[in-house]
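Undergrad: Quick one: the structure is below, questions incoming.
What follows draws every value from the coordinates through simple rules; no lab data is involved. Fair warning: this is a prediction, and the values are worked out from it, not measured in the lab. Neighbour counts are summed over all protein chains in view; Cβ atoms, including those assigned to glycine, are modelled from backbone coordinates with ideal geometry.
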Amino acid sequence: MIGQSWWEAAQWAAYLEHQEQPIKASSKAALRVLEEHAGEGRRSDTLSGQAYAALMLDDPMLALRLIREANKRLPRRMARDITTPLGVMLALGTVAFREQIDTAPEISEENTGFMTCEARTSLAARIAYAWGALHYDLDSGELAMAALLANAGEVELWAFVPELPQKALDELHSGRATRSEAAQRQACGFAFLDVTLLLIDAWNLPQLIKQLIRGDEGLRARLARLAVNTARHLSNGASDPALPDDLREAAKLTGTTLSVVISALPDISAEEKAVLLEATEAAE
């Protein structure tokens, strides 16, 4: 393992701060597909900013790479206002956006722990985006970015020192810990959220994003945190016993019905949504 077994969150954050963010090969492929559709094989400047920005929701490391670059290029005061995927894309411009994807190193798909963690994080971002859209005064992109970066510390550790988060996962699966944070503290000596918050400061990312991730009782922070929790529970399957509570809370926070919040869930089949609705209604 790189570093020492006694390293705590601060040491790991200092190490990870300077690593170049690798992205998924599928992100490069997705960009090519988008631009082929837009320009018949030629790069097209008519492709919408939303289409480019959507790539970030499927690749948290790409989002980290791009939001860091946006902050480097702009004055500090302006950079701290970039809190959405679309804002990042507009701040960089299409040329720099494409260049960042084209030149980024690729993460190995054999790193299954990383791929699983990224998939869960991406799902959290899409849930946050979908649920945020149900509430008229919430910025869906802002919630999605907060959910996307909420587990940045864990994603980084899976990318660069996978044996460390694997220890925490083994601790959780062993039954010696019943919650992910407890497993991390028992196996590694710190919570991965601590690394996330330290990296946000080190990279001068928007403090609003940090506030949403750190959590408070405000509506936006609660909904972003709920999206992260729901994605984690959904990764265990639609029968996870924590999901009914998640969905009832989502209906409460968005001011909609159970049927609406369940229908809005991305990447869930109609059959699974029906099971979730039945289980949630039965648990009331």
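Undergrad: Where the only charges are on Cβ atoms (+1 Lys, Arg; -1 Asp, Glu), what is the dipole of the chain about its Cα centre, to the nearest 20 debye?
TA: Approximately 740 debye in magnitude.
Undergrad: In addition: Just how many % of Cα pairs in region 172-250 lie over 20 Å apart, if you round to the nearest whole percent?
TA: Percentage above 20 Å: 46.
Undergrad: For the chain, what is the number of Lys pairs with C-alpha distance below 30 angstrom, counting only pairs 8 or more positions apart or on separate chains?
TA: So the count works out to 10.
Undergrad: In addition: With a Förster radius of 45 Å, plug the Cβ-Cβ distance of K273 and E163 into 1/(1 + (r/R0)^6) and report the FRET value to the nearest 0.05.
TA: It comes to 0.75.
Undergrad: Before rounding to the nearest 500, sum -39500 (n - 2.57) across all DSSP H runs of length at least 4 in the chain and divide by the residue total; then give [θ] at 222 nm in deg cm²/dmol. It would help to have the intermediate numbers written out before the result.
TA: Numbers: 18 runs with 195 residues, N = 284.
Computed ellipticity for the chain at 222 nm equals -20500 deg cm²/dmol.
Undergrad: Rank N151, I200, A182 by how far each Cα sits towards the positive end of the charge dipole of the chain (+1 on Lys, Arg Cβ; -1 on Asp, Glu Cβ) and give me just the farthest.
TA: The listed residue farthest towards the positive side: I200.
Undergrad: I've got another one for you. So if each residue of separation counts as 0.36 nm, and I subtract the Cα-Cα distance between A182 and E17, what length gain in nm does that give?
TA: 57.0 nm
Undergrad: Which residues make up the longest stretch of the chain clear of trypsin sites (Lys or Arg not before Pro) that lie in a DSSP loop with no more than 11 other Cβ atoms within 10 Å, not counting the sites?
TA: 43-178
Undergrad: Once you have the Kirkwood Rh of the chain from its Cα pairs, apply Stokes-Einstein at 37 °C and 0.692 mPa s and quote D in µm²/s.
TA: Once the numbers are plugged in, D ends up at 168 µm²/s.
Undergrad: Something else about it: What list of ³J(HN,Hα) values in whole Hz, one per residue of region 186-197 in order, does the Karplus curve 6.51 cos²θ - 1.76 cosθ + 1.60 (θ = phi - 60°) give from phi, with Gly and Pro shown as x?
TA: Coupling constants for region 186-197: 5, 8, 10, x, 7, 8, 5, 4, 4, 5, 4, 5 Hz.
Undergrad: If R₀ is 45 angstrom, what is the calculated FRET efficiency for the pair R248 and S26, using the beta carbon separation as r and rounding to 0.05? Write down the numbers at each step before the final one.
TA: Details: r = 34 Å, r/R0 = 0.76.
After rounding, the FRET efficiency stands at 0.85.
Undergrad: Still on this structure: Please list the radius of gyration and Dmax for region 100-197, considering alpha-carbon atoms only, with Å as the unit.
TA: Spelled out, the Cα radius of gyration and Dmax of region 100-197 are 15.2, 43 Å.
Undergrad: What's the extension gain from A96 to K210 if we count 0.36 nm per residue and subtract their Cα-Cα distance?
TA: Between A96 and K210, full extension yields an extra 38.5 nm.
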